[in-house]
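A quick write-up on the structure given underneath.
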2 protein chains.
Amino acid sequence: MSRQLDQVFAALADPTRRAILSMLLEDDMAVTDVAEPFEMSLAAISKHLTILAAAGLITQEKRGRVKWCKLEPDALKSASVWMQGFGQFEPVNLDAFEAFLERELGNGTGDMPES
Amino acid sequence: MSRQLDQVFAALADPTRRAILSMLLEDDMAVTDVAEPFEMSLAAISKHLTILAAAGLITQEKRGRVKWCKLEPDALKSASVWMQGFGQFEPVNLDAFEAFLERELGNGTGDMPES
DNA sequence: CTTATCGTCAACCAAACGGTTGAATATGGG
DNA sequence: CCCATATTCAACCGTTTGGTTGACGATAAG
């Protein structure tokens, strides 16, 4: 079903949500802590997290009164696979190939994607 | 700027627009021909094409009275790069590696991504 | 028990989205 | 010149989105 794809891409279309995902790359976080750096109400962030969870990009687990948010990078796979279909008619992309190797073989810098 | 990323992901979030991109994988098309398989007005498709063009995913060139639409797969690169950042903490992904090799070395099947 | 904290819910709002229809603007063909 | 074709424009419409605020339920702390 393409609804999954709809949800993933729609979730990624918002810069606040991409920033949240970037934050969660570093570590799991409580909802309040996710909200802290944003100039926006907690309720708004809570909604963004719901959207990210619906898209499968994060999971949320309540422990005590705090709800922990965890990145689920696998959810990007379907979207990534779909996108890669559009690269296949380009001339062989050696830059991407090198980048891929570097990443996969552990020589990456660990740089965070820009938010 | 992340506005480019906003536009690309938002453009990809709509199944009609993804279907259009898939069609353009095969060949350049005129607006009317793009619209033909959809149960939707020509004006609606014209709007979708405008959105795809604004995101840089296609370009449009007017020759005579017909406007040709051309896929621009490079526009996916920024989005793809951003997404790949979230895969780098997974254990080495050999499936993706193989798929990458197959694609880049010309043994791909040419399968279209699902719309 | 009382109070503070964590997070969501509900109602509301303005703006954007995805679609329609009908008119308008090229451009090409007979 | 006249007509058909290709595409966009403009106005409109219902729904969704991204945000606000205030009240609320659950849990932890004193």
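Computed quantities for the displayed model
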{"read-out": "Amide H within-cut-off set for A:Trp68, under 5 Å, with H built and near neighbours excluded", "value": "A:Glu61, A:Lys62, A:Arg63"}
{"read-out": "For segment A:3-74, fraction of C-alpha pairs farther apart than 19 Å, in %", "value": "25 percent"}
{"read-out": "Chain lengthening between A:Ser2 and A:Lys70 when straightened (0.36 nm per residue, less Cα-Cα)", "value": "22.1 nm"}
{"read-out": "Relative contact order %, segment A:3-74, counting alpha carbon pairs below 8 Å whose residues are six or more apart", "value": "35 percent"}
{"read-out": "Residue-by-residue Karplus 3J(HN,Hα) for segment A:44-60, coefficients 6.51, -1.76, 1.60, Hz, glycine and proline x", "value": "4, 5, 4, 5, 4, 5, 4, 5, 4, 5, 4, 7, x, 6, 9, 10, 10"}
{"read-out": "Environment charge of A:Ile58, counting only residues whose C-beta is closer than 10 Å and scoring Lys/Arg +1, Asp/Glu -1", "value": "0"}
{"read-out": "Within segment A:3-74: Cβ-based charge dipole about Cα centre, in debye rounded to nearest 20 (Lys, Arg +1; Asp, Glu -1)", "value": "320 debye"}
{"read-out": "Restraint check, A:Lys47/B:Lys47; A:Lys77/B:Lys47; A:Lys47/A:Lys77; A:Lys77/B:Lys77; B:Lys47/B:Lys77, Cα-Cα greater than 21 Å", "value": "A:Lys47/B:Lys47; A:Lys77/B:Lys47; A:Lys47/A:Lys77; B:Lys47/B:Lys77"}
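All of the numbers you see were taken from the coordinates with simple rules; none came from a lab. Since the model is a prediction, treat every value here as computed from it, not as a measurement. We place every Cβ from the backbone using ideal geometry, glycine too, and count neighbours over all the protein chains shown.
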